[in-house]
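Working notes, beginning with the structure itself.
Values quoted throughout were computed directly from the atomic coordinates according to the rules given, and no laboratory measurement underlies them. What you see is a predicted model; the values in this text were computed from it and never measured. Glycine also receives a Cβ, built like all others from the backbone with ideal geometry; neighbour counts cover every protein chain displayed.
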Amino acid sequence: MILAGAETYDDYKGLSKERFIVDNCKNMYFAGYETTATTLSWTLMLLAASPDWQARVRAKVLETCKDGFLPDANALINMKTLTMVILETLRLYPPATFVIRQGLEDIDFKGIMIPKDMNIQIPIPALQQSLQLWGPDAHRFNPERFANGIVEACKVPQVTCCLASGLEYAPDNTSQWQN
């Protein structure tokens, strides 16, 4: 994707294509490191505060890793209990506080005119902890809300786009998940 961007992007503001690629890779590495470390810290804190979920995750990990098996990415994604805990952690403590979207054209959104090229800031914590969207326990650690997949966890599935990689990460087809 970065290579394609380097090939098609004409305005480098004085940067060579190679520098453009290196800078983008550095940006992803450092951003990914920080967000992953933050999510891992919150996950461990929430599991420490929730011994029942800690026991469930531990049991699943021990079951998956028996006989010295080291799980690959597919094995980790298919660990339903672990995935539910990570998604709930991301919901409660998102690594980014907002996303920005730019209007591609003039639109009227419920009587509010949003002109083309206007940046719209969307506060992730406000969406992910809304009582109207997530229910009366929106402020509580409850990974069970993701038991039927990411789309079923919230009253408005589009709100879950800020979790992990969005809908692609936790498929709605939970039959792929191991219990």
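Net charge of the neighbourhood of L40, taken over other residues with C-beta under 15 Å away and scored Lys/Arg +1, Asp/Glu -1, is -2. Net charge in the neighbourhood of F109 (other residues with Cβ under 14 Å of its Cβ; Lys, Arg +1, Asp, Glu -1) is 0. Summing +1 for each Lys or Arg and -1 for each Asp or Glu among the other residues whose beta-carbon sits under 12 angstrom from that of V57 gives +1.
Here E63 and A147 are evaluated by their C-beta separation; at R0 = 25 Å the FRET efficiency comes out at 0.90.
In order along the stretch 70-85, the Karplus-derived 3J(HN,Hα) couplings, from 6.51 cos²θ - 1.76 cosθ + 1.60 at θ = phi - 60°, round to 9, x, 9, 4, 5, 5, 5, 4, 7, 7, 4, 4, 4, 4, 4, 5 Hz, and Gly and Pro are given as x. For the stretch 144-159, backbone phi angles converted through the Karplus equation (6.51, -1.76, 1.60; θ = phi - 60°) give residue-by-residue couplings of 4, 4, 9, 4, 9, x, 5, 5, 7, 6, 10, 5, 10, x, 4, 5 Hz, Gly and Pro being listed as x. Annotation: amide H-H contacts under 5 Å for F98 (H modelled 1.01 Å from N, sequence separation of 5 or more, or interchain): I124.
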